[in-house]
1. Residue by residue through the range 13-22, what is 3J(HN,Hα) from phi via Karplus (6.51 cos²θ - 1.76 cosθ + 1.60, θ = phi - 60°)? Round to whole Hz and write x for glycine and proline.
2. In the chain, what cysteines have no partner Cβ closer than 4.7 Å?
3. Could you grab the relative contact order for the chain? Cα pairs under 8 Å, six or more apart, rounded to a whole percent.
4. Expressed in whole Å with the largest first, what are the equivalent ellipsoid semi-axes of the chain derived from the C-alpha gyration tensor as the square root of 5 times each eigenvalue?
5. Working from Cα positions, state the angle (0 to 90°, nearest 10) between the long axis of helix 133-149 and the longest principal axis of the chain.
6. Cα centroids of the range 103-122 and the range 175-192: how far apart, whole angstrom?
7. How big is the gap, in Å, between the Cα center of the range 316-393 and the Cα center of the range 15-53?
8. Amide H neighbours of A155 under 5 Å, at least 5 residues apart or on other chains, H built in the peptide plane: list them.
Amino acid sequence: MRLLIKNIGALEGGESAEWLLCDGGLISAMGSGEPPAAERELDARGALVTPGLIDCHTHMAFGGWRQREIPMKIGGAGYLDILAAGGGILDTVRHTRALSESELLERTRGFAREMLAQGVTTVEGKSGYGLDTETELRQLAVMHRLGEETPLETAVTFRGAHAVPPEYAGRADDYVDFLCGELLPAVREQGYAEFCDVFCETGVFDVPQSRRVLERARELGFRLKIHADEIDAIGGAQLAGELGAISAEHLIATDERGMEALAAGGVTAVLLPSTSLYLGKSFARARDMAERGVRVAVATDFNPGSCPSLNIQLCIMLACQRYRLFPREVLAAVTENAAAAIGREGRIGRLAPGMQADIVIWNAPDIDTLCYRFGSNLAKTVIKKGEIVHEAD
Ligand code: IZC
Ligand code: ZN
């Protein structure tokens, strides 16, 4: 069925046009003047039209919440203090291990509906709340099934190197042996994860341990991601550059040398402004990165600890206000640059003939308004592969 969007007021993320035609899940034509006929028509009534948003960094398949950490945090405990005391990620691991695949899928499906309603048509989701073979594979299966069974497209990332599990307490190197020897091959065999990510951070995995996991993952055919410099700059950005990772994520504490390494390695910087907000940290040096030729993407980091929000529109406002990115740069950060962070550029993230028909019609006349009116959901009609998947009341 052909779907026509007409009376577009402002088209962003592609050449300007007044109408856009979808056919067979793709954008088949765009233009100005008299639109062609189609079986179904949507009148944009002068509104903004953009590519579907891409949330290229989440940990959305998890059990439980961590609201009970709030008094500890207000009392002065930091993210790494809570983790070192057996809480934080390890608390979520306990809750995630307790859920069956169908229970975990049901929860995650609820998040997927909220994301679609926000204008997100593709999401990346990481494992890392199992830290054992069975639960890690279950989390990956849930992210895969979410993509098969809902309109939300998923990119699946294995992140067994998220924390050292209680079974390996004080034996991080042994856990790294287990990851390289057993878990990574099992994940490869399962076939759902495209990417392998590591939490390279003080007290979690140091640079040599992160390197071991990532080199083994590369050998097995995964593309590499790395959580780097979220709290301390211990060399994660340099490692990402050296290994030619597809992306490095967080980068709150990244210094000049880290930025150079990202630019030289062609690594996309995935920045997570809601995490900075929620942890009360500084904001990544997005403006400096962009000016040094680093491709900048922005995502939510949705997870139960450091960012219990899947609101990508909040990230859009923060990217503008706190990263000092211009509205067009912000839009690129949640569309085409986010597509590059998950190896899908050329198929999603832009509006052009031949691209997948992932489109949002907004309750807004222009992208400045998206960066401005935070707190309200401005997505009006959300289209995935040429089908309407959400319409605001
Ligand atoms: O559950 O705390 N930063 N991992 C690294 C997270 C945040 C997720 C969590
Ligand atoms: Zn994360």
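Since every read-out is calculated from the coordinates, none of them should be taken as a lab result. Here the structure is a predicted model, which means the values were calculated and not measured. Cβ: placed from backbone, ideal geometry, glycine included. Neighbour counts: every protein chain shown.
1. Karplus-based 3J(HN,Hα) across the range 13-22 equals x, x, 4, 5, 7, 9, 9, 8, 10, 10 Hz.
2. C22, C56, C180, C196, C200, C307, C315
3. On the way: 948 pairs, mean separation 77.9, N = 393.
Once divided by the residue count of the chain, the mean separation gives 20 percent.
4. Numbers: eigenvalues 247, 94, 78 Å².
Semi-axes, largest first: 35, 22, 20 Å.
5. 0 degrees
6. 27 Å
7. One Cα centre to the other: 15 Å.
8. V123, E124, G125
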